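The next block holds one structure in the form of structure tokens; read it before the comments.
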């Protein structure tokens, strides 16, 4: 009898876990679709599409290159965390694994997430601790979040007036110091690479901001770029509530255009093209997934 109860409990637990995953994924897709509906009610998709068709393609190619650079730097940052835990993965195979993770995150809603996929593959192939692998991936994400917060603080400078501008430097210093203490308290194994990974994270975000810049340049000369940059960074944080950030980014760019009297067509088109560039790069991951490559060590 106890054995049957245990089996039933496991079945119920698995069902609830699966139901929760489906519910969360459905909610994210629903939020994306709802926000896109609101966006295209205000800004007709036909207008956005016409603008995209007239964009300067050479700027879009540069935007693609800078985005690819951001992902290469991001994979290098993750490699630092893996190596810090003595998971000595080969650099190129780490990049391939990273791209497969991008593919899972972008194209397979409700399936195994990109981060979970990395942990699963490395745990299965090498028997490495799933807990330590998860900590590496989690801290990699935290490092990225820290860089976003720091850049938002710096870019907020034009919003402040007078002596309030002097608060920016102390705010950045305090933010980094608090994050450093947090890492030392909860993830001491990564304290040696804290500043190095932060620099990598800043490099990732700067490359993505450059991507946004070149997308904007493909349409026209744009003033007040810092506002677009802040909105983009905020959308990166809020992307977790939607499917791959789609919908949230377009909605925030539209709202920013309304508030700061920008061209709404350009704002929404910029957000859409960034999502398209992300999808293009993420698609590369399926090539490595289909080949069933084996991760090598250094």
Which numbered condition residue 227 fails, given (1) closer than 23 Å to residue 32 by Cβ; (2) part of a helix (DSSP H, G or I):
(1)
Please work out which one of (1) in contact with a helix residue (DSSP H, G or I) (Cβ under 6 Å, 6 or more places away or on another chain); (2) at pLDDT below 95; (3) within 29 Å of residue 274 (Cα to Cα) is the condition residue 220 fails and give its number.
(1)
Just wondering, is there one or more residues in segment 257-267 that are modelled with pLDDT under 95, under 28 Å from residue 22 (Cβ atoms), under 20 Å from the mean Cα position of the chain (by Cα) and in a helix (DSSP H, G or I)?
no
Filter segment 1-57 for residues that are surrounded by 11 or more Cβ atoms within 10 Å (Cβ to Cβ) and at pLDDT below 85 and give the result.
18, 21, 22, 23, 24, 25, 26, 27, 28, 29
May I ask you to list the residues in segment 143-172 that are more than 25 Å from residue 259 (Cα to Cα) and crowded, with 18+ Cβ neighbours inside 10 Å?
143, 144, 146, 147
Total residues in segment 65-122, condition under 22 Å from residue 24 (Cα atoms), free of Cβ contacts under 8 Å to residues at least 40 places away in the same chain and surrounded by fewer than 18 Cβ atoms within 10 Å (Cβ to Cβ):
6
Residue count, segment 223-235 (criterion: touching a residue at least 24 places away in the same chain (Cβ under 8 Å) and surrounded by fewer than 18 Cβ atoms within 10 Å (Cβ to Cβ))
3
Condition first: outside any helix (DSSP H, G or I) and closer than 21 Å to residue 114 by Cβ. Now tell me which residues in segment 268-298 satisfy that.
292, 293, 294, 295, 296
Just one of (1) over 23 Å from residue 225 (Cβ atoms); (2) buried (at least 16 other Cβ atoms within 10 Å of the Cβ); (3) in contact with a helix residue (DSSP H, G or I) (Cβ under 6 Å, 6 or more places away or on another chain) trips up residue 135, so point out which.
(3)
Of 216, 209, 202, 181, the only residue that is surrounded by fewer than 12 Cβ atoms within 10 Å (Cβ to Cβ) and either in contact with a strand residue (DSSP E or B) (Cβ under 6 Å, 6 or more places away or on another chain) or assigned to a helix (DSSP H, G or I) (or both) is 181
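The values are calculated or read from the model by the stated rules, or taken from the named source; none is laboratory data. Please read these numbers as outputs of a predicted model, since none were measured by experiment. Positions of Cβ are backbone-derived with ideal geometry, glycine not excepted, and every protein chain shown enters the neighbour counts.
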